[in-house]
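Please read the structure below before turning to the comments.
Only the coordinates and a few stated rules stand behind these numbers; no lab work does. From a predicted model like this one, the values you see are computed outputs, not experimental measurements. Note that we place each Cβ from the backbone using ideal geometry, even for glycine, and neighbour counts take in every protein chain shown.
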Amino acid sequence: MNKLRRTMLFCPASEPKMFINTPVYKPDCIIFDLEDAVALSEKDSARDLLCEAINSIDYSGIEIFVRVNPLYTPFGETDVREVVKAGVRNIRLPMCESKEDVKKLEELLEQIEKENNIELGSVKIQCAIETPKGVMNSYEIATSSLRVVAISFGAEDFTRELGVDRTKEATELSFARSQVVLSAKAASVDAIDTVWADIKDMEGFIKEAQNAKTIGFSGKSCIHPAQVKEVHRIFTPSKEEVEKSIQIIDAAKEAEEKGLGVIQVNGKMVDVPVIKKAERIVSLAGLEKVL
Amino acid sequence: MVGIAGNENAQDCLVKATIKEDGGIKIELKSKLEKLFGKQIRLAAETAALEIGQENVVLEIQEFGCLDFVIKARVKTAIKRAKGGAKHE
């Protein structure tokens with residue numbers, strides 16, 4: 001929960017120039033995509049490009065994920081084997097529907113780690129919840145392995161499975177998005193919201209990103225660089241929020257030193273949940289090391 | 001046994017690999033930057049071939065301003081395709 005995952009910017013792994021251009025926009029995370037963005041005939045070349053790029057480009061400061069092909073396809077297992085050997089430490093598992101799906105990936109990762117002298121358990125998993133079944137099982141998915149660091153919601157496949165159109169109001173997604181957030185929070189992992197496909201409609205994107213923050217998502221998937229700075233703006237606490245939180249943390253420290261219980265800040269009662277919320281805001285603002 | 005990978009887009013390269021029985025690694029390079037970076041491009045291509053255990057191959061490379069990692073990736077894919085495609089364990 002400590003890592004900032006406000007933005008996860010998708011990048012097709014089949015385009016050489018994208019490996020250089022994408023980090024320029026400074027997303028918190030990049031998801032190199034070997035799945036939907038890559039044509040069947042180029043699955044092998046995209047994988048080779050990604051492995052070579054990981055070995056030669058310095059992505060420090062950005063957390064790298066790879067969306068592999070599902071393990072039931074002819075490409076999934078090779079994707080996982082090759083990218084982990086190349087140094088990737090975060091795998092995004094698409095179409096995750098049950099804890100068994102995570103267990104299959106976990107078994108494969110354990111085998112690869114042993115074969116290649118990689119620290120056991122060091123490869124982490126982000127599970128993509130993209131079906132009604134996945135939504136209903138999202139808590140068991142989020143708690144199925146210590147490797148799971150995040151679950152993300154995918155609206156395009158979800159609405160297809162639901163048999164409805166995806167609307168800009170997103171009424172059809174409201175239960176599922178909230179369920180994914182609740183499951184993630186209950187499991188102490190990050191919840192990442194779905195992509196907004198209409199890249200020309202920035203107003204709609206901003207509205208959905210604001211809603212994602214309001215209902216508790218940790219961040220949002222992005223498919224265009226212009227979306228990154230908007231999500232960062234929305235998910236980064238305001239100056240007023242940060243100042244108020246620092247006051248609360250300072251007052252709590254003082255109270256602890258004096259052996260006091262419940263305290264007041266600006267006339268309002270401050271207890272443990274309020275202090276925890278303030279700590280989270282300061283952490284999101286990246287100030288925790290300064291205090 | 002011939003395999004092709006890449007394309008003619010900017011920052012990419014097109015590689016044709018022909019697997020041979022002997023003769024070592026031969027590289028035929030076409031690049032506007034050959035004078036400046038030819039040595040480096042050839043080294044990247046040779047390294048890539050050896051990294052996947054291919055000691056005898058003719059590599060025809062058309063280069064369009066790409067970085068080393070692209071050369072290496074395209075050479076590896078072309079060789080794997082020449083040998084019958086990537087393995088899916």
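How high is the FRET efficiency from A:T214 to A:K168, r the C-beta distance, R0 22 Å, rounded to 0.05? Calculated transfer efficiency: 0.85. Roughly how tilted is helix B:68-82, in degrees to the nearest 10 and between 0 and 90, from the longest Cα axis of chain B? Once rounded, one gets 30 degrees. Spin-label pair B:L43-A:T143: with each label point 7 Å from Cα along the Cα-Cβ axis, the two points sit 5.5 nm from one another. Under 12 Å from the 7 Å Cα→Cβ point of A:D201, by amide nitrogen: which residues of region A:207-240? Residues A:207-208 qualify, since their backbone N sits under 12 Å from the label point. By the beta carbon rule, with partners counted only under 4.7 Å, chain A holds these lone Cys residues: A:C11, A:C29, A:C51, A:C222. Legend: distances between Cα atoms for A:K207/A:K244; B:K20/B:K76; A:K185/A:K213; A:K43/B:K26; A:K3/A:K276; A:K17/A:K124; pairs beyond 19 Å are A:K207/A:K244; A:K43/B:K26; A:K17/A:K124. Ordered by the count of other Cβ atoms within 10 Å of each Cβ, fewest first, A:S45, A:S122 give A:S122, A:S45. For chain A, the fraction of C-alpha pairs more than 33 angstrom apart is 26%. Applied to region A:90-104, the Karplus parametrisation 6.51 cos²θ - 1.76 cosθ + 1.60 on θ = phi - 60° returns per-residue 3J(HN,Hα) values of 9, 10, 9, 8, x, 6, 7, 10, 7, 5, 5, 4, 5, 4, 4 Hz, with x for Gly and Pro. Say the dipole of region A:1-143 comes from +1 at the beta carbon of Lys and Arg and -1 at that of Asp and Glu; which of A:S138, A:Y25, A:I118 then lies farthest toward its positive end? Result: A:Y25, furthest along the dipole toward the positive end.
Amide H contacts under 5 Å for B:I25: B:V57, restricted to partners 5 or more places along the chain or on a different chain, H placed in the peptide plane at 1.01 Å from N.
Packing order of peptides A:157-167, A:261-271, highest average first: A:157-167, A:261-271 (average count of other Cβ atoms within 10 Å over each peptide's residues). Cβ-Cβ distance of B:N56 and B:K30, R₀ of 22 Å, FRET efficiency by 1/(1 + (r/R0)^6): the value works out to about 0.50.
Per-residue shielding of B:64-71, expressed as the average number of other chain Cβ atoms within 10 Å of the residue Cβ, stands at 5.
Counting only DSSP beta bridges with both residues in the protein assembly as shown, the antiparallel share comes to about 30 percent.
In the elastic network of chain A, a GNM with C-alpha springs shorter than 10 Å, the most mobile of A:A187, A:A209, A:A53 is A:A53. Considering only alpha-carbon pairs that sit under 8 angstrom and 6 or more positions apart, the relative contact order computed for chain A is 15 percent.
Solvent-free Debye calculation, one equal scatterer per alpha-carbon of region B:2-82: log10 I(q)/I(0) at 0.17, 0.18, 0.21, 0.27 Å⁻¹ equals -0.53, -0.60, -0.82, -1.36. Computed from the C-beta positions of A:E254 and A:M136 and an R0 of 51 Å, the FRET efficiency is 0.65 to the nearest 0.05.
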